[in-house]
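First up is the structure itself, then whatever we jot down about it.
The values are calculated or read from the model by the stated rules, or taken from the named source; none is laboratory data. This is a predicted model, so every value here is computed, not measured. So basically every Cβ, Gly included, is an ideal-geometry build from the backbone, and we count neighbours across all protein chains shown.
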Amino acid sequence: MTYPLFTAGARRTAAWLATAAALALLAGCGRQAPEAEAARPVIALPAPAADGTQTLRFPGEIHARYEMPLAFRVPGQLIGREARLGDTVKKGQVLARLDDADAGKNEAAARAALDAAAHRLDYATRQRDRDEAQAGENLISQLQLEQTRDAYASALAAQTQAKQQYELSRNQSRYTTLVADRDGAITSEHAEVGQVLAAGQAVFGFAWSGERDVYVDVPEARVGAVRPGQAAQVSLLSVQGTPLAAHVREVAPAADPQTRTYRVKLGLDAPDPRVRLGMTADVALGAEASAAKAVRLPATALFHQGEHPAVWVVRPADATLELRPVTVLRYGERDVLVGTGLAAGERVVMQGVHAVSAGEKVSPMAPPHAEDSPL
């Protein structure tokens with residue numbers, strides 16, 4: 001009689017256990033395993049090592065080794081020009097003249113003053129000789145003899161002064177003629193006939209004959225790769241054939257205040273009659289890399305962390321991004337030369353550097369088309 005009651009209770013217990021098991025199964029099915037973080041595809045390539053040397057190219061212009069303005073040493077009115085722009089002149093050739101009327105009068109006055117001083121010296125000399133003879137016979141006092149000697153010394157000094165003044169006036173008269181002091185060429189004109197000139201005011205631009213230089217203006221970012229004695233090749237647009245050998249002769253110590261570039265002067269190793277003043281030249285400088293382990297990257301790979309350059313490097317261990325500070329040796333039109341902070345072969349994000357973040361997991365990939373490769 002008790003068996004049915006036991007059976008009903010067992011059934012209720014079994015039902016409750018079945019319900020609990022079903023609920024547990026449903027709860028277990030609701031908890032899914034966490035998904036792995038999706039890797040972001042980025043264009044990243046190994047950084048290539050730069051060549052040991054790089055070629056810097058600049059436009060240049062042919063100049064004479066020595067160039068200077070020609071001017072009169074004295075002021076006056078320009079009354080004649082004997083040379084013109086482009087003329088080749090010889091040493092001693094007259095180039096221009098000033099009105100010399102005043103200079104001639106000054107010379108004449110100085111000559112008259114010199115003659116008067118010579119006459120006074122002659123008189124003082126004879127007076128000294130007489131007084132010394134009389135003083136030997138005690139015919140004059142010692143005071144009178146000293147006065148005579150003083151007058152002689154003053155006359156001698158006045159004669160020396162007048163002579164120097166006369167020489168100066170002769171020079172001033174001669175300076176009214178502008179003469180070439182060596183062979184060369186007139187490169188510019190700065191004064192016209194009838195113009196009143198100050199002393200030292202330029203009349204002509206003058207270039208010496210002989211050695212020729214090439215002038216180039218180097219930007220601030222590249223002047224560090226140029227040094228005196230460095231070899232260069234100069235190609236002239238008007239002269240076909242083998243480039244001319246040259247070397248860096250001088251690097252300006254300060255930048256031009258207007259252009260902020262540095263003037264570099266290159267000397268041609270051998271004279272060439274085909275090289276003429278003012279010719280346009282293309283200058284190629286072989287510059288050594290500043291660091292033996294430099295790498296070259298496209299400009300699109302450079303990221304700025306504040307004011308400091310940096311690049312995004314893909315860590316090989318976990319394929320996450322690291323922002324690496326670097327030093328840039330040279331900025332080019334499409335690439336940069338990186339010195340320290342990055343080794344050749346490390347994988348670097350080449351494009352889209354502003355769309356990624358530090359620690360982000362990425363999937364490096366090459367550009368979809370070979371022509372799109374930044375390297």
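Scan the stretch 171-218 for residues that are surrounded by fewer than 14 Cβ atoms within 10 Å (Cβ to Cβ) and among the aliphatic types (A, V, I, L, M) and report the count.
Total satisfying the criteria: 4.
Can you spot a residue in the stretch 249-263 that is in contact with a Gly (Cβ under 6 Å, 6 or more places away or on another chain) and surrounded by 15 or more Cβ atoms within 10 Å (Cβ to Cβ)?
yes
Kindly provide the set of residues from the stretch 219-258 that are assigned to a loop (DSSP other than H, G, I, E, B) and in contact (Cβ under 8 Å) with a residue 60 or more places away in the chain, ordered by number.
Correct list: Ala221, Arg222, Val226.
Out of the residues in the stretch 74-125 meeting the condition of being assigned to a loop (DSSP other than H, G, I, E, B) and among the hydrophobic types (A, V, I, L, M, F, W, C), tell me which one is nearest to the chain's Cα centre (by Cα).
Leu85
Is there a residue in the stretch 306-319 that is in contact with a His (Cβ under 9 Å, 6 or more places away or on another chain) and modelled with pLDDT of 90 or more?
Looking for residues that are in contact with a His (Cβ under 9 Å, 6 or more places away or on another chain) and modelled with pLDDT of 90 or more, one finds at least one in the stretch 306-319, hence yes.
Taking the stretch 210-224, which residues are aliphatic (A, V, I, L, M) and out of contact with any Lys or Arg (no Cβ under 7 Å at 6 or more places or on another chain)?
Val214, Val216, Val218, Val223
Would you point out the residue of the stretch 337-353, among those that are closer than 11 Å to Ile43 by Cβ and among the aliphatic types (A, V, I, L, M), that is surrounded by the fewest Cβ atoms within 10 Å (Cβ to Cβ)?
Filtering the stretch 337-353 for residues that are closer than 11 Å to Ile43 by Cβ and among the aliphatic types (A, V, I, L, M), the one surrounded by the fewest Cβ atoms within 10 Å (Cβ to Cβ) comes out as Val353.
Test Val223 against the criterion of being modelled with pLDDT of 90 or more, over 27 Å from Asp183 (Cα atoms) and out of contact with any helix residue (DSSP H, G or I) (no Cβ under 7 Å at 6 or more places or on another chain), and give yes or no.
Judged against the criteria, Val223 is not a match.
Can we say Arg149 is charged (D, E, K, R) and in contact (Cβ under 8 Å) with a residue 12 or more places away in the chain?
yes
Whether any residue in the stretch 160-173 is hydrophobic (A, V, I, L, M, F, W, C), more than 30 Å from Val283 (Cβ to Cβ) and in the same structural domain as Gly92 (by TED's automatic domain parsing) is what I want to check.
No: the stretch 160-173 contains no residue that is hydrophobic (A, V, I, L, M, F, W, C), more than 30 Å from Val283 (Cβ to Cβ) and in the same structural domain as Gly92 (by TED's automatic domain parsing).
From Ala299, Ala292, grab the single residue that is surrounded by fewer than 14 Cβ atoms within 10 Å (Cβ to Cβ), under 30 Å from Pro59 (Cα atoms) and at pLDDT below 85.
One residue alone meets the criteria, Ala292.
Consider only pairs whose beta carbons are under 7 Å apart and that are at least six residues apart or on different chains; among these, list those whose first residue lies in the stretch 306-323 and is assigned to a strand (DSSP E or B) and whose second residue is surrounded by 12 or more Cβ atoms within 10 Å (Cβ to Cβ) and small (Gly, Ala, Ser).
Qualifying pairs under 7 Å: Val311/Ala301; Val314/Ala44; Leu323/Ala310.
Residues to consider are Val275, Val264; find the one that is in contact (Cβ under 8 Å) with a residue 24 or more places away in the chain and out of contact with any Leu (no Cβ under 8 Å at 6 or more places or on another chain).
The conditions single out Val264.
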